[in-house]
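Read the structure below first, then the notes.
The values are calculated or read from the model by the stated rules, or taken from the named source; none is laboratory data. As the structure is a computational prediction, the values presented were derived from the model and not from experiment. When we count neighbours, we look across all protein chains shown, and the Cβ atoms used for this are built from the backbone with ideal geometry, even at glycine. Note: areas computed on protein heavy atoms with side chains; ligands, DNA, RNA excluded. Shrake-Rupley method; radii C 1.70, N 1.55, O 1.52, S 1.80 Å.
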Amino acid sequence: MTTNLERLRVALKSVEVSAFAVTSMPSVRWLTGFTGSFAIALVTLDQALLVTDSRYTLQAAEQCTSMPCRSYANPTNVVDFLKEQLDALFVHRLAFDKNHVTVATHESWSEKFTGIELQSATDPIDELRKVKSPEEVAKVQAACAITDTCLEELIRRMRPGVTEIQLLWALEDMLRSHGATAAFAPIIVSGPRTARPHGEPSTRELQRGDFVTMDIGARLDGYCSDITRTVAIGSASPRQKEVYQHLLHAQETCIQSIRPGLSSKALDGLARQILDEKGLAKHFGHGLGHGLGALVHDSGRLSQLVDEEIAVGQIWTIEPGVYIEGEFGLRIEDDVLVTETGCQVLTKFPKHLIEVPW
Ligand code: GLY
Ligand code: MN
């Protein structure tokens, strides 16, 4: 079986890079198995080394079996230590992830890495990470199962007097009780506040006639879920029902249409076209979805701004929304794994309009 290190080297050769510094922690983890908060993997076409600091000497040795690990300790500084390692690896040209290395880091590397040319590049692992292994899919599925359960419990807790922020606290407790953490700051908004796609939970009490949008994610064993459901408090109005059904139609059509070879832009366009049938596209400001994995926003966007081919083994969110200022907003989001013939939906929570008895 090809290892992730071998896959990275093939990618490096194809872009004529002879040495790469892997700096983003999801990429370091994918490459080495190391789960700590800081490490840099130096990878050449025939050697590799994981550099970390003394907080992680023992952990790195235990978790990273694909390459030697070296750590530095006070008073050595990281840039001097990296330079020593790069010299030992005979690196004269080092590519780095321009989306991750800060200007300050680049300045200090430029100053200290004498005799080494720095080469701005994108991290090839971001692209490799888009296609998930069966083990990675199983981890995302486990995270999805947790958020499915949390949604059910959150709806049970919707009673007169309950506030958005109380639901948030309850959710955090639920996630912990499943051994997970929040994959991102949960969005729980009600009434007119649902018109804020990423509203922060407030002290507003839920009221009859509200829509309530819950956008929640679990991180378990390094992998994320991301699901959104909108429910009505009491009976939904005819207008709420109409917009909900149309948004659901757009979301389900996109799920039925996603397949390998389709362009990310075309799928996003499909959602916009359907919403436009009822004049709702102008209320849909964000993209249709994003890649999901070790990060809640992993590489890849379903958007008018990105035109890339969707491929087997990728995991995407499909999350159209409609946000009408002064009235209400709603979003429906699922996580899907692209298969040879279409997709498998990993999030299982029902999608009919739930009217919470009040
Ligand atoms: N669930 C939050 C987001 O996709 O941005
Ligand atoms: Mn999302």
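Filtering 347, 341 for residues that are part of a loop (DSSP other than H, G, I, E, B), open to solvent by 40 Å² or more (accessible area, probe 1.4 Å) and in contact (Cβ under 8 Å) with a residue 12 or more places away in the chain leaves a single hit, 341. A count restricted to segment 223-235 and to residues that are within 11 Å of the chain's Cα centre (by Cα) and open to solvent by 10 Å² or more (accessible area, probe 1.4 Å) stands at 1. In the set (1) out of contact with any helix residue (DSSP H, G or I) (no Cβ under 8 Å at 6 or more places or on another chain); (2) part of a loop (DSSP other than H, G, I, E, B); (3) within 15 Å of ligand 1 (Cβ to nearest atom), residue 261 fails one condition alone, (3).
Are any residues in segment 205-220 touching a Ser or Thr at 6+ places or on another chain (Cβ under 6 Å) and either under 16 Å from residue 169 (Cβ atoms) or outside any loop (DSSP other than H, G, I, E, B) (or both), and if so, which ones? Result: 205, 206, 211, 212, 213, 215, 216, 218, 219. Within segment 243-256, identify whether any single residue is open to solvent by 30 Å² or more (accessible area, probe 1.4 Å), more than 19 Å from residue 349 (Cα to Cα) and either away from ligand 2 (no atom under 15 Å from the Cβ) or without any contact (Cβ under 8 Å) to a residue 60 or more places away in the chain (or both), and answer yes or no. No: segment 243-256 contains no residue that is open to solvent by 30 Å² or more (accessible area, probe 1.4 Å), more than 19 Å from residue 349 (Cα to Cα) and either away from ligand 2 (no atom under 15 Å from the Cβ) or without any contact (Cβ under 8 Å) to a residue 60 or more places away in the chain (or both). Any residue at all in segment 265-273 that is surrounded by fewer than 20 Cβ atoms within 10 Å (Cβ to Cβ), among the charged types (D, E, K, R) and touching an Asp or Glu at 6+ places or on another chain (Cβ under 6 Å)? Yes: one or more hits. If you go through segment 147-185 and keep only what is more than 16 Å from ligand 2 (Cβ to nearest atom) and under 16 Å from the mean Cα position of the chain (by Cα), you end up with 180, 181. Listed here are the strands (runs of 3 or more DSSP E) enclosed by segment 40-99 that have at least 1 residues being open to solvent by 60 Å² or more (accessible area, probe 1.4 Å) and within 17 Å of residue 115 (Cα to Cα): 93-97.
Answer yes or no: is there a residue in segment 192-201 that is over 24 Å from residue 352 (Cα atoms), surrounded by fewer than 18 Cβ atoms within 10 Å (Cβ to Cβ), within 16 Å of ligand 1 (Cβ to nearest atom) and not hydrophobic (A, V, I, L, M, F, W, C). Yes, that holds for at least one residue.
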